[in-house]
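Visitor: Got a structure for you, written out below as structure tokens; questions coming shortly.
The values are calculated or read from the model by the stated rules, or taken from the named source; none is laboratory data. Keep in mind the model is a prediction, meaning the values are calculated, not measured. No Cβ is skipped: glycine too gets one built from the backbone with ideal geometry, and neighbour counts run over all protein chains shown. Heads up: the accessible areas ignore ligands, DNA and RNA and are worked out on the full protein's heavy atoms, side chains in. Shrake-Rupley method; radii C 1.70, N 1.55, O 1.52, S 1.80 Å.
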Amino acid sequence: MVSVVTFKVDGMSCQGCSGKLQSALSNVSGVSSAQVTLDPAQAAIQYDEQKVTPIALQHVVEDVGFDVIA
């Protein structure tokens, strides 16, 4: 089943930041689409819930060096 999760992201300041995060999310197994924007600072991720969880995706955001805002 395909689901979508959107995270508000803190710490991105340029297109390079958003591109780096979008690339990292897109490379996760089970992610079919990742759209990262600076304004608003967020990541919208379409994923297969059989293969990856929102918590795992949040960890990817944090591993790249950004914070997910609750």
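Visitor: For segment 33-57, which residues satisfy the criterion of being of a type outside the set (Val, Ile, Thr), farther than 14 Å from Ser13 by Cα and not in a strand (DSSP E or B)?
Guide: Within segment 33-57, Glu49, Gln50, Lys51, Pro54, Ala56, Leu57 qualify.
Visitor: Quick check on my filter: what residues within segment 1-31 are within 11 Å of the chain's Cα centre (by Cα) and among the aliphatic types (A, V, I, L, M)?
Guide: Within segment 1-31, Val4, Val5, Val9, Leu21, Ala24, Leu25, Val28, Val31 meet the criteria.
Visitor: What number of residues within segment 43-59 are of a type in the set (A, V, I, L, M), touching a residue at least 40 places away in the same chain (Cβ under 8 Å) and open to solvent by 20 Å² or more (accessible area, probe 1.4 Å)?
Guide: Adding up the residues that qualify gives 1.
Visitor: Still on this model: Can you work out which of the residues in segment 15-31 that are within 19 Å of Val2 (Cβ to Cβ) and small (Gly, Ala, Ser) is least open to solvent (accessible area, probe 1.4 Å)?
Guide: For segment 15-31, the residue satisfying everything is Gly30.
Visitor: Say we look at segment 32-42 and pick out the residues that are closer than 16 Å to Glu62 by Cβ and under 10 Å from the mean Cα position of the chain (by Cα); which of these is most open to solvent (accessible area, probe 1.4 Å)?
Guide: Per the stated criteria, the residue is Gln42.
Visitor: Condition test on Lys8, is it among the basic types (Lys, Arg) and either in a loop (DSSP other than H, G, I, E, B) or touching a Pro at 6+ places or on another chain (Cβ under 8 Å) (or both)?
Guide: Yes; evaluated as a whole, the condition is true for this residue.
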